[in-house]
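The values are calculated or read from the model by the stated rules, or taken from the named source; none is laboratory data. Not measured: the values here are computed from a predicted model. Here the Cβ positions follow ideal geometry from the backbone for every residue, glycine too, while neighbour counts run over all protein chains shown. What goes into the accessible areas is simple: the full protein's heavy atoms, side chains included, and nothing from ligands, DNA or RNA. Shrake-Rupley method; radii C 1.70, N 1.55, O 1.52, S 1.80 Å.
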Amino acid sequence: MNIQRDSQINVAVIGCGYWGPNLIRNFNAIPDCRVKWACDRDAARLARVTSLYPEVCCTPDIERVLADPDVHAVAIATPVSTHFELGSRSLAAGKHTFIEKPLARSSEECQQLIDMADARGLSLMVGHTFVYNAAVRKMKEIIDSGEIGRVLYIGCQRLNLGLFQHDINVAWDLAPHDISIILHLLGNSPDTVSCQGKAHLRDGIEDVTNMSLSFDQGPFVTIQSSWLDPNKVRRMTVVGENKMIVYEDTEPLEKLKIYDKRVEVPRTYDTFAEFFYSYHYGGVYSPFIDQDEPLRVECMRFLYRIRDGVSIESEGRHGLEVVRVLEAASRSLANGTAAVSLA
């Protein structure tokens with residue numbers, strides 16, 4: 001679907017539950033963009049959208065949305081189990097398509113969506129919002145500059161009480177954020193994945209998981225996800241040879257802190273008595289971060305992709321890699337936490 005550079009892009013949002021209204025708000029606030037349709041089977045949700053955005057057409061009928069020739073792009077914010085079906089229908093209708101994370105339930109479904117988009121010359125984007133987060137982008141800038149040295153270890157915690165999902169476990173719900181950040185920071189995918197977890201409240205749907213990612217000649221990564229913690233925790237620690245970074249997303253201002261701390265091992269020693277670790281304790285600083293709402297940046301990047309064909313950080317292939325890691329974690333859970341190769 002060709003769009004003139006200065007023309008308006010009309011967007012339809014499918015799914016108006018928890019996240020859909022945020023997409024409507026952000027797309028509507030971008031110049032030369034208009035949310036024309038909101039689609040949901042729940043009449044109460046549509047009534048709320050109408051009260052907030054009376055100019056948006058509301059319908060429970062997805063066919064009306066996809067048949068509208070004035071709709072250039074569709075954003076899908078529905079349960080994961082529906083992503084492949086709705087994404088396929090959107091692409092088949094010739095619409096540029098944005099799908100909230102994870103892209104689909106399997107790597108096979110992800111690949112089919114990518115192939116459909118490529119064959120039709122359409123943009124396919126997955127909603128990995130954190131790769132558009134200013135603090136994450138600053139963290140990547142610091143890592144790429146070499147300031148902290150070679151990355152040795154990354155530890156992630158994403159914990160809270162709920163929101164419980166009925167069709168995916170906590171790893172598929174929360175870990176995609178951390179996985180997408182890690183793939184963005186490191187620029188490649190892990191070689192092996194292992195995962196352990198337990199379902200405390202509903203059989204077959206783990207509400208607490210611990211995932212480990214191993215990179216060949218790269219860092220070791222742990223990801224802790226939970227729906228059963230009393231406090232909301234969003235923390236990532238990146239340990240480098242020279243310095244360490246702590247990213248606290250719940251902090252209102254100083255989200256990043258760089259610690260001038262490290263451990264040094266003596267290069268040579270003749271006896272065990274001569275062997276000792278050297279601990280360096282330096283200062284701490286918090287770099288300036290130009291804050292912007294990550295979802296707004298993500299929505300703008302989707303529109304840039306549609307209009308100008310620029311590459312974006314969370315194209316369909318990025319979503320595929322995240323799902324491959326999640327699939328490996330699921331296989332590890334089913335096989336007693338055994339490591340699963342992604343080769």
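Note down the magnitude of the dipole of the stretch 32-87 about its Cα centre, charges +1 on Lys and Arg C-beta and -1 on Asp and Glu C-beta and zero elsewhere, to the nearest 20 debye.
About 180 debye.
I'd like the distance between the alpha-carbon centres of the stretch 22-62 and the stretch 83-97, rounded to an integer number of Å.
The two parts, judged by their Cα centres, are 18 Å apart.
Return the inverse of the average 1/r over all pairs of distinct C-alpha atoms in the stretch 165-320, which is the Kirkwood hydrodynamic radius, in Å to one decimal.
For the stretch 165-320, the Kirkwood estimate is 19.0 Å.
What order do you get for 321-331, 123-133 when each peptide is scored by the mean count of other beta carbon atoms within 10 Å, highest first?
Ranking, from highest mean packing down: 123-133, 321-331.
Find the accessible area per residue for the chain; the probe is 1.4 Å, ligands and nucleic acids are left out, and the unit is Å².
Here the residues of the chain average 47 Å² of exposed surface.
Whenever you get a sec, compute what percent of the accessible area on the stretch 197-244 sits on carbon and sulfur atoms (1.4 Å probe).
Here it works out to 42 percent.
With all protein chains present, how much of the accessible area of the stretch 1-113 (probe radius 1.4 Å) comes from carbon and sulfur, to the nearest whole percent?
Looking at the stretch 1-113 in its full context, I get 50 percent from C and S.
Helix 107-120: angle to the longest alpha-carbon principal axis of the chain, degrees 0 to 90, nearest 10?
The two axes meet at around 50 degrees.
In the set (1) 21.8, 78; (2) 35.7, 129; (3) 22.3, 91, which value of Rg and Dmax of the Cα atoms in Å was calculated from the structure you see?
So the calculated entry is the one marked (1).
Report the extension gain between Lys257 and Gln111 in nm, rounded to one decimal, defined as 0.36 nm multiplied by the number of residues separating them, less their alpha carbon distance.
48.8 nm
If r is the Cβ-Cβ distance from Ser286 to Ala29 and R0 is 22 Å, what FRET efficiency results, to the nearest 0.05?
My answer for the efficiency is 0.15.
I need the phi-derived Karplus couplings for the stretch 326-343: 6.51 cos²θ - 1.76 cosθ + 1.60, θ = phi - 60°, integer Hz, Gly and Pro marked x.
5, 4, 4, 5, 5, 5, 5, 4, 6, 10, x, 6, 4, 5, 10, 7, 9, 4
Any idea how far the Cα center of the stretch 132-150 sits from the one of the stretch 287-328, in Å?
17 Å
Please identify every one of the chymotrypsin sites (Phe, Trp or Tyr not before Pro) in the stretch 13-110 that sits in a loop by DSSP and has no more than 12 other beta carbons within 10 Å of its own beta carbon.
Passing sites in the stretch 13-110 are Tyr18.
Enter the angle in degrees (range 0 to 90, nearest 10) between the Cα long axis of helix 43-52 and the first principal axis of the Cα atoms of the chain, meaning the one along which they spread out most.
90 degrees
At 7 Å along the Cα-to-beta-carbon direction for both Tyr277 and Ala119, put a label point, then send me their distance in nm to one decimal.
Spacing of the two 7 Å Cα→Cβ label points: 5.5 nm.
At 0.36 nm per residue, and after removing the present C-alpha to C-alpha distance, how many nm does the segment from Phe164 to Gln217 gain when stretched out fully?
Working it through step by step, the gained length comes to 15.4 nm.
Can you give the helix-only mean residue ellipticity at 222 nm for the chain, where every DSSP H stretch with n ≥ 4 adds -39500 (n - 2.57) and the sum goes over all residues, rounded to the nearest 500 deg cm²/dmol?
-10500 deg cm²/dmol
List the lysines whose alpha-carbon lies under 20 Å from that of Lys95, not counting same-chain residues fewer than 8 positions away?
Within the straight-line cut-off, Lys95 pairs with Lys36.
Please give every one of the aspartates and glutamates within straight-line cross-link reach of Lys257, meaning a C-alpha to C-alpha distance under 12 Å, and leave out same-chain neighbours fewer than 8 residues apart.
Partners found: Glu248, Asp249.
For the ranges 186-198, 253-265, what's the packing order if you count other beta-carbon atoms within 10 Å of each residue, average per peptide, and put the highest first?
186-198, 253-265
Could the peptides 41-47, 309-315, 73-79 be put in order, highest first, of the mean number of other beta-carbon atoms found within 10 Å of their residues?
73-79, 309-315, 41-47
Rounded to the nearest 10 degrees, what's the angle between the helix 170-186 long axis and the longest principal axis of the chain, both from Cα atoms, 0 to 90?
Once rounded, one gets 70 degrees.
Which whole-number percent gives the relative contact order of the stretch 1-86, counting Cα pairs below 8 Å spaced six or more residues apart?
36 percent
In the chain, if the dipole is taken from +1 on Lys/Arg beta carbons and -1 on Asp/Glu beta carbons about the Cα centre, which of Cys16, Val208, Ser107 is farthest to the positive end?
Farthest along the dipole direction, towards plus: Cys16.
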